[in-house]
């Protein structure tokens, strides 16, 4: 009986020890898990807080930018308001002035065309023509009047025509002159000209020399250019078409400086 009681008592003691040792271990594990979770939650909270701080800073910058843009727009509106104080009557007067200047230039160019046509009336239509295009007067001189084939030396008949034209030009103010040489599409290559570009530019320059050096036209008001074959009037698939494209054009344009000044006011 004693032995039985002893075994029972010993077993009870062992059980108590085991229970006592297991209890605190589980609580410790649970506490550590809780601490880890709290640390993770804290880290996540700091991350979210930093993101919010960054968002607030971005909003502050955007607000500052919008304020600056609003200030610029406000200044632009003030400037526009100041510049638009011209009354309707003022605007109407300005428009009328522009229309009068444009009409006056049209009248000048129309009169110039008629004067040149009269000065060159003895020449046939297959030698030269005078027309108005895009507000400028075009005097188109055919190759047969000015040059021999492949040459930039002006024939006597052409020199005479240019002299008559120079008289009109010297008596006309406020115009600028462009001399454009044109060829057909037949290639040329000689000891004088590498190609049609050379020939067209040389012919334009020859006419500029006659108008300025020989007839006293102001060289500050004249320009020479070569167009080669690239501005044809007709198709180059026939003898007549190619002949019509071999020409030199004297283009007379009005001086638009005063008109530009008025537009910029």
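The values are calculated or read from the model by the stated rules, or taken from the named source; none is laboratory data. Just so it is clear, the structure is predicted and the values come from calculations on it, not from any experiment. Methodologically, a virtual Cβ is constructed for each residue, glycine included, from the backbone with ideal geometry; neighbour enumeration extends over all protein chains shown.
Would it be correct to say that residue 185 is at negative phi, assigned to a loop (DSSP other than H, G, I, E, B) and touching a residue at least 24 places away in the same chain (Cβ under 8 Å)? Taking the combined requirement at face value, the residue satisfies it.
Among the residues of this structure, residue 213 does not count as one that is touching a strand residue (DSSP E or B) at 6+ places or on another chain (Cβ under 9 Å) and either surrounded by 18 or more Cβ atoms within 10 Å (Cβ to Cβ) or assigned to a helix (DSSP H, G or I) (or both).
Quick one: would you say residue 126 is at pLDDT below 95, more than 30 Å from the chain's Cα centre (by Cα) and part of a loop (DSSP other than H, G, I, E, B)? Here the answer is yes, as residue 126 does meet what is asked.
Under the condition of being in contact with a strand residue (DSSP E or B) (Cβ under 7 Å, 6 or more places away or on another chain) and buried (at least 17 other Cβ atoms within 10 Å of the Cβ), the residues counted in the stretch 118-137 number 7. Among residues of the stretch 216-232 being part of a loop (DSSP other than H, G, I, E, B) and out of contact with any helix residue (DSSP H, G or I) (no Cβ under 7 Å at 6 or more places or on another chain), the one that is farthest from residue 112 (Cα to Cα) is 230.
Quick grid of which residues meet (1) modelled with pLDDT under 95; (2) farther than 22 Å from residue 228 by Cα; (3) outside the structural domain of residue 238 (by TED's automatic domain parsing):
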site: 135; (1), (2), (3): yes, yes, no
site: 152; (1), (2), (3): no, no, no
site: 157; (1), (2), (3): no, yes, no
site: 184; (1), (2), (3): no, no, no
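Of all residues in the stretch 191-210, those that are farther than 13 Å from residue 165 by Cβ, out of contact with any strand residue (DSSP E or B) (no Cβ under 6 Å at 6 or more places or on another chain) and part of a helix (DSSP H, G or I) total 6. Residue-level check: of (1) under 21 Å from residue 215 (Cβ atoms); (2) in contact with a helix residue (DSSP H, G or I) (Cβ under 9 Å, 6 or more places away or on another chain); (3) modelled with pLDDT under 95, residue 173 misses just (2).
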